[in-house]
Amino acid sequence: CGWNGPIGSLMSSDVRKFFSGMKPFLVKALEVTEAQFAQLVEEALEQCVTARMEKKGSVHDSAAPPSRAHKVLIIGAGISGIVAGAQLQRNFPHVFNRSDPDSFVIIERAPEGCFGGTWHWNYYPGAECDIPSHLYSISFFPKSDWSSVWAPQSEILEYLRTCAAHYDLARYTRFGTEVVCATWQPDLNAYLVTLRDVFSGTESRVLAAVVLSAVGMLSVPKIPDIPGLAKFEGPVVHSARWDRKLDLKGKRVAVFGTGASAIQLVPEIAKVAANVTVFQRSCTYVVPKPNYKYTAIEQFIFCYVPFARMLYRLLLILIIDSQFINFYSSRLNPAPLMMYFFAWLLRQLQVRDPALRRRLTPTDPFGCKRLLISSDWFPTLSRSNVSVVDSTLDASIVCVEPHAVVTSDGKSYAVDAIALATGFRTAALLAPIEIRGVDGCSLREAWDTGKTTQAYKGVFVDGFPNLFVLYGPNTNVGHFSIIFMVECQMDLVIAGLRRILPPSGPSPVRLPALQVTPTAVARYNARLQAHLAGTAFSAGCRSWYSATDGTVVLNWATFASVYWLLTRRLNPADFTVLP
């Protein structure tokens, strides 16, 4: 991974061909099966990508001319990127088709063929979805044979890659590549985009009339700033960059964090580790998650009985979206009290130790932080080989030593490995990409602090023509499917593209530029924040939903169905078109 010579600049496909030729010899030498050998090659490629992303410095030629010109450049080949690539072809077949493979391009930093985004990177033990599978799927690419109500990571990843293959997205995708910066060129009505090969570090530049961000919020791991963490001599692994070869059997493991990743990861670690110490900064509400397995008969009905799957999905939409009523903080709303009761009852039934139950009792208002869904979290924490250290009731972490974690009460916890379930850098959307719009204004500078992170309907940003953001500010939903929200946002993108792309025939080399007005952005976000003020998200607790000043910059304000209605049309009065 550190080579800069010819081998270091080989693409993933070339590396696979090389190892394919060496397979008979290496399979015998390594004493593995062919399937295990193939898995080793994929892991090596993935580690190489990660190493290149972390490596500082690159070969940069600022004078290099653009090598290609694209009508649309999509950043990311995760869920949003797959939806975007498919919808471009479905809605504009005369513009985006196989006859012009450069019409749009998807830029993805993962190795070749690795579609899936967060489901590609998050393969830690126990990873699964907390939204029902038939709802956590793309509406125009349904799947009838989901194995269970809440699908595991491997099944979701296979589904997403099947969708990408169906729309032949690999043809339009540059893997092993990351976007460094994109700068608006007013004389060209296009962005000058600098790309970096994550293997070799070399940079190139392309032009893109439209830049569509599909990086999402859950892409950049958040590493805690704890003194001595870098000097720990055992393995330190983040849940979003898990080491598949990590063997924790019989080990002493420290887990930092008790959020959505931790409640899936810790139960699996506890099954094999000698002991697990969970360091908790704060706890949140947990409700049961009975993961029902679909029978073969039910899968058959979903597949072959007309409208059965559609009606089931509609039922899920109505039931699950109605749950947002639990997040309204009005005193006249009894729904949160019911959720309080269910969470309390689950703790009473599953946690017998009063001291542990006290550590697992939230003090924040219900819904202020992400609601967790699990039926084995509390039983796991009640195991004899698992202990919880709460930063308020016990002690907080002071530093990490080469073989231990030290807390503020002077105790030292000897550990062999550290698992970081500390989430992502969610407030700094699009990080670490530098995007500059009109007059050179930087989106990173505006959004890094989170205080002014806002967009019109979560998609359009004032001062950045032809920049569309999927899963942008205030579009996250804690109770519903983010795929549903992304599809709604893509409907807005399609409506915007219809204003700058010709209805038929080939498109011109220079496209008009669509720009939202500052007035529309200010008006929309004022109404949005007014609605958010009446929800639990604005209750004042510390969560990843909010910026440093407490402004809710990530979550949607009400029912997902309202957002669907809001994205049915584009108001021409809210935009200007630059010829």
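The values are calculated or read from the model by the stated rules, or taken from the named source; none is laboratory data. Being a predicted model, the structure only gives us computed values, none of them experimental. Cβ coordinates were reconstructed from backbone atoms using ideal geometry, including for glycine residues, and neighbour counts include every protein chain displayed. Heavy atoms of the whole protein, side chains included, go into the accessibility calculation; ligands, DNA and RNA do not. Shrake-Rupley method; radii C 1.70, N 1.55, O 1.52, S 1.80 Å.
Label-point separation (nm) for ILE223 and ARG171, each offset 7 Å from Cα along Cα-to-Cβ?
4.0 nm
Please compute the Kirkwood hydrodynamic radius over the chain, one decimal place, Å, based on all pairs of different Cα atoms.
Numbers: mean 1/r = 0.0394 Å⁻¹.
For the chain, inverting the mean 1/r across all distinct Cα pairs yields 25.4 Å.
Counting only helical runs of four or more DSSP H residues, what would the 222 nm mean residue ellipticity of the chain come to if each run contributes -39,500 (n - 2.57) and the total is spread over all its residues? Intermediate results must be reported in sequence, preceding the final value.
Numbers: 15 runs with 174 residues, N = 579.
One gets -9000 deg cm²/dmol as the mean residue ellipticity at 222 nm.
Can you give the FRET efficiency for SER154 and VAL237, using 1/(1 + (r/R0)^6), R0 = 22 Å, r = Cβ-Cβ distance, to the nearest 0.05?
According to the calculation, E is roughly 0.70.
Modelled label-to-label distance, ALA230 and THR519, 7 Å Cα→beta-carbon offset: nm?
About 5.1 nm, to one decimal.
Suppose R0 equals 22 Å; then what is the FRET efficiency for LEU314 and ARG527 from their Cβ-Cβ distance, rounded to the nearest 0.05?
The formula returns an efficiency of 0.20 here.
Would you mind telling me the antiparallel percentage of the DSSP bridges in the chain, rounded to 5? Please list the in-between numbers first.
Numbers: 33 of 73 bridges.
If we restrict to bridges inside the chain, about 45 percent are antiparallel.
Longest exposed-loop-site-free stretch of the chain, with GluC sites (Glu not before Pro), DSSP loop and at most 14 other Cβ within 10 Å?
234-579
Would you work out the relative contact order for the chain, in percent, from Cα pairs under 8 angstrom that are 6 or more residues apart? Before the final figure, lay out the partial values.
On the way: 1094 pairs, mean separation 98.1, N = 579.
Dividing the mean separation by the residue count of the chain yields 17 percent.
Looking at segment 91-152, which chymotrypsin sites (Phe, Trp or Tyr not before Pro) are in a loop (DSSP not H, G, I, E or B) and have at most 12 other Cβ atoms within 10 Å?
PHE140
Quick one: pull the percentage of alpha-carbon pairs in segment 96-181 with a separation above 23 Å.
Across segment 96-181, Cα pairs with separations above 23 Å total 31 percent.
Full-extension gain between THR202 and ASP187, please, as 0.36 nm times their residue separation minus the C-alpha to C-alpha distance.
Once the chain is fully extended between THR202 and ASP187, it gains 2.7 nm.
Between TYR304 and LEU349, 0.36 nm times their residue separation minus their Cα-Cα distance comes to what?
Result: 12.1 nm gained on full extension.
Report the relative contact order of segment 116-255, percent, no decimals, based on alpha-carbon pairs under 8 angstrom and at least 6 residues apart.
RCO, segment 116-255: 23 percent.
Which one, VAL493, PRO473, SER546, is farthest towards the positive end of the dipole of segment 398-556 when Lys and Arg carry +1 and Asp and Glu -1 on their Cβ?
Ranked along the dipole, the leading option is VAL493.
Please report Rg (one decimal) and Dmax (integer) in Å for the Cα set of segment 532-574.
Cα only, segment 532-574: 13.3, 38 Å (Rg, Dmax).
Could you tell me what a quarter of the Cα convex hull surface of segment 104-144 works out to, in nm² with one decimal place?
Hull-based average projected area comes out at 4.5 nm².
Pick out, in residue order, every one of the trypsin sites (Lys or Arg not before Pro) in segment 96-162 that is DSSP loop and has at most 15 other C-beta atoms within 10 Å; say none if there are none.
Numbers: sites: ARG98, ARG109, LYS143, ARG161; in loops: ARG98, ARG109, LYS143.
Sparse-neighbourhood loop trypsin sites (Lys or Arg not before Pro): ARG98.
How large is the accessible surface per residue of the chain, computed with a 1.4 Å probe and reported in Å² as a whole number?
About 44 Å² of surface per residue is accessible.
Quick check for you: which residues of segment 172-206 have the amide N under 14 Å from the point 7 Å beyond the Cα of VAL509 toward its beta carbon?
188-190
Rounded to two decimal places and with Rh computed the Kirkwood way over Cα pairs, what is Rg over Rh for segment 493-534? Walk me through the intermediate numbers first.
Working: Rg = 15.9 Å, Rh = 12.9 Å.
We get a ratio of 1.23 for segment 493-534.
Cα-Cα over 18 Å: which of LYS249/LYS271; LYS369/LYS411; LYS251/LYS271?
The answer is LYS369/LYS411.
SER382 versus ARG569, label points 7 Å from Cα toward the beta carbon: distance in nm?
The two pseudo-label positions are separated by 5.6 nm.
Calculate what fraction, in whole %, of the accessible area of segment 225-336 sits on carbon and sulfur atoms when a 1.4 Å probe is rolled over the protein chains. Working shown, then result.
Numbers: 3820 of 6050 Å².
The value for segment 225-336 is 63 percent carbon and sulfur by accessible area.
Going highest first, how would you order 538-549, 342-353 by mean Cβ packing within 10 Å?
Numbers: 538-549: 16.9, 342-353: 14.8.
Packing proxy ranking, top to bottom: 538-549, 342-353.
Which length gain, in nm to one decimal place, applies between ARG444 and ASP549 when the Cα-Cα distance is subtracted from 0.36 nm times their residue separation?
Between ARG444 and ASP549, full extension yields 36.0 nm more.
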